[in-house]
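Undergrad: My structure is below; once you've seen it, I'll send some questions.
The values are calculated or read from the model by the stated rules, or taken from the named source; none is laboratory data. Small disclaimer: the values here were computed from a predicted structure and weren't measured. Cβ placement follows ideal geometry from the backbone for every residue including glycine, while neighbour counts extend to all protein chains displayed.
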Number of protein chains: 2
Amino acid sequence: MQTPWDHRYAMRTQRIKGSAIRELLKLTEMPDVISFGGGMPAPEVFPTEEFSVACEKVLREQGAQALQYGPTDGYMPLREMIARHSARYGIEVTPENILITSGSQQALDLVGKLFINRGDRILVESPTYLGALQAWNAYGAEYVSVPSDQDGIIISELEKALRFGPKFIYALPNFQNPTGVTYSLERREKLVELADRYGVPIIEDDPYGQLRFEGENLPSIAFLDNKSRDQNGGYSGNVIYLSTFSKTLAPGMRLAWVIAPAEVITKMVQAKQGTDLQTPTFNQIVAYEVAKNGFIDQHVLTIRKIYRERRDIMLEELEKNMPAGATWTHPHGGLFLWLTLPEYMDTTTILQDAIAEKVAFVPGESFYPYGGVKNSMRLNFSNAKPEKIREGIQRLSIVVKKYLR
Amino acid sequence: MQTPWDHRYAMRTQRIKGSAIRELLKLTEMPDVISFGGGMPAPEVFPTEEFSVACEKVLREQGAQALQYGPTDGYMPLREMIARHSARYGIEVTPENILITSGSQQALDLVGKLFINRGDRILVESPTYLGALQAWNAYGAEYVSVPSDQDGIIISELEKALRFGPKFIYALPNFQNPTGVTYSLERREKLVELADRYGVPIIEDDPYGQLRFEGENLPSIAFLDNKSRDQNGGYSGNVIYLSTFSKTLAPGMRLAWVIAPAEVITKMVQAKQGTDLQTPTFNQIVAYEVAKNGFIDQHVLTIRKIYRERRDIMLEELEKNMPAGATWTHPHGGLFLWLTLPEYMDTTTILQDAIAEKVAFVPGESFYPYGGVKNSMRLNFSNAKPEKIREGIQRLSIVVKKYLR
């Protein structure tokens, strides 16, 4: 039906579509569906008591400040805390290099607003994070996709793609959403070197870095790029780094941050003014109170333990129940793994059957900018409890087996 | 200095500039400056105790939900409460007509994202709200300006401007930011009629409607437009209506809402997914807890009383101290009044002197899309305490008098 609004929409609305993930979140509200579809943390680990204490303290001691407008760039003590945290990983920054955002999704939107003109090509991994595609489709982005393997982005393919003149590279080096894959050190170093040679900046998205439960921590792209530069201790160079409190504290607070050269932060702050003025003052001060005495360091130990256990159970059940021809990744951290079925299977078709059997996932096709790959799916292992994971993978395996030729 | 990032910025960054208002917010942090520059509520009226009780209750009873991801369109009980509130003013809506946003600034950004193509003309009052210009400059908007008088937008000028084919009309009918002017009932009716005749939608921005402390409440544009339509009880037609909890509860929570036809809300929800996924779950549930039993109705009585007193003191001091040739508006509500000095004066020049004398305001020029008008300023009367308002206007008058010819 035509409505009075139809002819008013801007060109870009043709590219703004509802996401399969968000539609699936609705399914997770039905209590009898076991959903591996969302990207939700385990609610059991939310530090509700710590938040409660902090809210009471902040409102009592700083109520007038916490409920008032505040600066667009963020609450200074929180930015200083993030600077100290970053220094532990070799990223030497000052608060001028840090912007607090309303979730990492907003950082992706601001990147789009600042850097993307209609038709610009963005270099992405294939598959890549759906939320980034959603953010950048609104600005008319086009994509150059580079395949990954179990060690991350494939360097020879990356170099070919760089010849298309992308505006920037979007990389998720740790426990990537959707595949769970981690870049090896060598790939990280090569990425930095190639980006520098071709003069192409990198957006490094690292929501899960703290959630490693296997293997050694690897240096960030931001660290590798910055240390190779001749500077006077400042953060400069080629990399905008994104991280978040959504996975270490709570996503319902919508708190994340950007690290970038100071002149990029200045531009981002101006763009953020027009976008939402500021991230909630209250949330920033409360999160600072919760985190300031090293709470997150302790808390992530609990999260890692629980997520590792859930990953192990999911891997075990996949091994036990999936038919021959199905393969999956072995993530060293994060929230997701990636299941690949025989090539003749279509996971979008399978999803409808799966939902009838009360189990859900995200078809892999959603994570490719132009679709095309039909036989994969993303499975989340952080949200459901162990017994539900067992039950859900068993249900899913029964559905998949029906499609065997 | 050229940096590696300079050549990467998108075209639109040329239009994204730091706002005079936000720069001035920094001045308000210096304790000896009396600032009439910001748009901040009186911190004395923040309901810190009510928020504290609600935070504790929400974290105890609904912690897992409040700290988790939630739906993009917002917390259902909050949307239902807003629907009930709207019905009291004759706007009959269901939650499908309501989107929760991260402040009204985000609603303005989403409007820009959905409706503005580069070069589109937006019809605005002259002067108009600076934050809307900031939001829409990022999408390449151009503007057609229509002057206002003490009864709001001037209808004969509005009709001339409609012939330029604007994409939409941006109207602030209650205690406008920056002038404090309120549209008369006749102007409201004429606006609705003309917009309908020319087929041009209206964005009605109403952050201050609850803060009327003089005169009778007048019907909203949304109500007048919708009641003139032949519909089956649904909200349809020409008006997107914006309001907020920033002035009735607290701006530091960043909570506002949009009312629009359901198909527009669907598009906005999709755009919001890519922008920040959702407004913080925690803030929405806490605000609902604070507001659900009619608290805001009681609380706005207090706010109105305090703001009326502050407005009266500012008017009294202007009368006593400003030189002949200065005129000002007499707002019936809201947070601002508009001071016009003799035509040969330039308030941007005067501001520098004023800051030296420890008093601040926003030069009127900031509120015109293409600048030009030099001899006016916006004065905020909600934030400073009465004795500070007296002192500040006295200081300001001394500075202004120095510029008399």
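Undergrad: Go through region B:365-399 and give me each residue that's buried (at least 24 other Cβ atoms within 10 Å of the Cβ) and touching an Asp or Glu at 6+ places or on another chain (Cβ under 6 Å).
TA: B:Ile393
Undergrad: Same structure again: Output the residues belonging to region B:194-235 that are closer than 15 Å to B:Val258 by Cβ, more than 14 Å from the chain's Cα centre (by Cα) and assigned to a loop (DSSP other than H, G, I, E, B).
TA: B:Pro201, B:Ser220, B:Tyr235
Undergrad: Can you pull out every residue in region A:62-83 that is under 25 Å from the mean Cα position of the chain (by Cα), in a loop (DSSP other than H, G, I, E, B) and either surrounded by fewer than 20 Cβ atoms within 10 Å (Cβ to Cβ) or not small (Gly, Ala, Ser) (or both)?
TA: A:Thr72, A:Asp73, A:Tyr75
Undergrad: Right, here's the next one. Here is a list of conditions, (1) over 30 Å from B:Gly39 (Cα atoms); (2) in a helix (DSSP H, G or I); (3) out of contact with any Phe, Trp or Tyr (no Cβ under 9 Å at 6 or more places or on another chain); (4) not aliphatic (A, V, I, L, M), and A:Gly325 meets all of them except one; can you say which number that is?
TA: If we test A:Gly325 against (1) over 30 Å from B:Gly39 (Cα atoms); (2) in a helix (DSSP H, G or I); (3) out of contact with any Phe, Trp or Tyr (no Cβ under 9 Å at 6 or more places or on another chain); (4) not aliphatic (A, V, I, L, M), just (2) comes out false.
Undergrad: Which condition number in (1) among the polar types (S, T, N, Q); (2) buried (at least 23 other Cβ atoms within 10 Å of the Cβ); (3) in a strand (DSSP E or B) is the one that B:Ser145 fails?
TA: Of (1) among the polar types (S, T, N, Q); (2) buried (at least 23 other Cβ atoms within 10 Å of the Cβ); (3) in a strand (DSSP E or B), only one is false for B:Ser145: (2).
Undergrad: So, one more: Being surrounded by fewer than 24 Cβ atoms within 10 Å (Cβ to Cβ) and not in a strand (DSSP E or B) is the filter here; which residues of region A:148-160 pass it?
TA: Hits for region A:148-160 are A:Gln150, A:Asp151, A:Ile154, A:Ile155, A:Ser156, A:Glu157, A:Glu159, A:Lys160.
Undergrad: Can you tell me which residue in region A:355-372 is nearest to A:Ile313 (Cα to Cα), limited to those that are touching a helix residue (DSSP H, G or I) at 6+ places or on another chain (Cβ under 6 Å) and part of a loop (DSSP other than H, G, I, E, B)?
TA: Step by step, filter region A:355-372, then rank; the result is A:Glu357.
Undergrad: When region B:236-248 is examined, which residues are found to be part of a loop (DSSP other than H, G, I, E, B), closer than 30 Å to B:Met40 by Cα and in contact with a Pro (Cβ under 7 Å, 6 or more places away or on another chain)?
TA: The initial filter retains those residues of region B:236-248 that are part of a loop (DSSP other than H, G, I, E, B), namely B:236-238, B:245-248.
Applying the additional criterion that residues be closer than 30 Å to B:Met40 by Cα yields B:245-248.
B:Ser246, B:Lys247, listed by residue number.
Undergrad: So which residues in region A:11-54 are within 8 Å of chain B (Cβ to nearest Cβ) and at pLDDT below 85, if there are any at all?
TA: Matches in region A:11-54: A:Met11, A:Arg12, A:Thr13, A:Ile16, A:Lys17, A:Gly18, A:Ser19, A:Arg22, A:Leu25, A:Lys26.
Undergrad: Between A:Tyr139, A:Tyr129, which is within 22 Å of the chain's Cα centre (by Cα), crowded, with 24+ Cβ neighbours inside 10 Å and under 22 Å from A:Thr13 (Cα atoms)? Spell out how you get there, then give the answer.
TA: On the way: A:Tyr129 fails: crowded, with 24+ Cβ neighbours inside 10 Å.
None of the others qualify; the one that does is A:Tyr139.
Undergrad: Restricting the first residue to region A:186-197 and requiring it to be touching a residue at least 40 places away in the same chain (Cβ under 8 Å) and buried (at least 23 other Cβ atoms within 10 Å of the Cβ), which pairs with a second residue that is of a type in the set (A, V, I, L, M, F, W, C) and part of a helix (DSSP H, G or I) meet a Cβ separation below 9 Å and a spacing of at least six or different chains?
TA: Pairs that qualify, where the first residue is touching a residue at least 40 places away in the same chain (Cβ under 8 Å) and buried (at least 23 other Cβ atoms within 10 Å of the Cβ) and the partner is of a type in the set (A, V, I, L, M, F, W, C) and part of a helix (DSSP H, G or I), are A:Val192/A:Ile221; A:Val192/A:Leu224; A:Ala195/A:Leu158; A:Ala195/A:Leu162; A:Ala195/A:Ile221.
Residue by residue, here is whether (1) within 18 Å of A:Met40 (Cβ to Cβ); (2) touching a residue at least 24 places away in the same chain (Cβ under 8 Å); (3) hydroxyl-bearing (Ser, Thr, Tyr) holds:
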position	(1), (2), (3)
A:Arg304	yes, yes, no
A:Glu309	yes, yes, no
A:Thr347	no, yes, yes
A:Val359	yes, yes, no
A:Glu365	no, no, no
A:Gly371	no, no, no
A:Asn383	yes, yes, no
A:Gln394	no, yes, no
A:Val400	no, yes, no
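Undergrad: Scan region A:61-95 for residues that are within 14 Å of chain B (Cβ to nearest Cβ), of a type outside the set (A, V, I, L, M, F, W, C) and farther than 12 Å from A:Leu255 by Cβ and report the count.
TA: 10
Undergrad: Another question, if that's okay. Please enumerate the residues belonging to region B:86-103 that are surrounded by 18 or more Cβ atoms within 10 Å (Cβ to Cβ) and not small (Gly, Ala, Ser).
TA: We begin by selecting, within region B:86-103, every residue surrounded by 18 or more Cβ atoms within 10 Å (Cβ to Cβ); these are B:86, B:91, B:93, B:95, B:97-103.
Listed by number, the residues that qualify are B:Ile91, B:Val93, B:Pro95, B:Asn97, B:Ile98, B:Leu99, B:Ile100, B:Thr101.
Undergrad: Scan region A:258-277 residue by residue and report those that are at the interface with chain B (Cβ under 7 Å from one of its Cβ atoms) and within 15 Å of B:Gln134 (Cα to Cα).
TA: So the first thing to find is which residues in region A:258-277 are at the interface with chain B (Cβ under 7 Å from one of its Cβ atoms), and the list is A:261, A:263-264, A:267, A:270-271, A:273-277.
Selection gives A:Lys267, A:Gln270, A:Ala271, A:Gln273, A:Gly274, A:Thr275, A:Asp276, A:Leu277.
Undergrad: Going by what's in this entry, would B:Gly112 be described as surrounded by fewer than 17 Cβ atoms within 10 Å (Cβ to Cβ), over 29 Å from A:Phe46 (Cα atoms) and in contact (Cβ under 8 Å) with a residue 12 or more places away in the chain?
TA: Numbers: surrounded by fewer than 17 Cβ atoms within 10 Å (Cβ to Cβ): no; over 29 Å from A:Phe46 (Cα atoms): yes; in contact (Cβ under 8 Å) with a residue 12 or more places away in the chain: yes.
No: the conditions fail for B:Gly112.
Undergrad: Moving to a separate point now. So how many residues does region A:332-354 have that are buried (at least 21 other Cβ atoms within 10 Å of the Cβ) and among the β-branched types (Val, Ile, Thr)?
TA: Residues flagged as buried (at least 21 other Cβ atoms within 10 Å of the Cβ) and among the β-branched types (Val, Ile, Thr) within region A:332-354 amount to 2.
Undergrad: Right, another one. If you take the residues of region A:213-250 that are facing chain B (nearest Cβ under 10 Å) and under 29 Å from B:Ile16 (Cα atoms), which of them is surrounded by the fewest Cβ atoms within 10 Å (Cβ to Cβ)?
TA: Taking the candidates together, the pick is A:Ser236.
Undergrad: Output the number of residues of region A:257-294 satisfying the condition of being in a loop (DSSP other than H, G, I, E, B) and of a type in the set (D, E, K, R). Please lay out each step first, then the result.
TA: Quick first cut of region A:257-294, residues in a loop (DSSP other than H, G, I, E, B) only: A:260-261, A:277-280, A:292-294.
Adding the requirement that they be of a type in the set (D, E, K, R) leaves A:292.
The number of residues fulfilling the criteria is 1.
Undergrad: So is B:Arg118 surrounded by fewer than 22 Cβ atoms within 10 Å (Cβ to Cβ) and not in a helix (DSSP H, G or I) or not? Before you say what the answer is, go through the steps one by one.
TA: Values: surrounded by fewer than 22 Cβ atoms within 10 Å (Cβ to Cβ): yes; not in a helix (DSSP H, G or I): yes.
So B:Arg118 passes the test.
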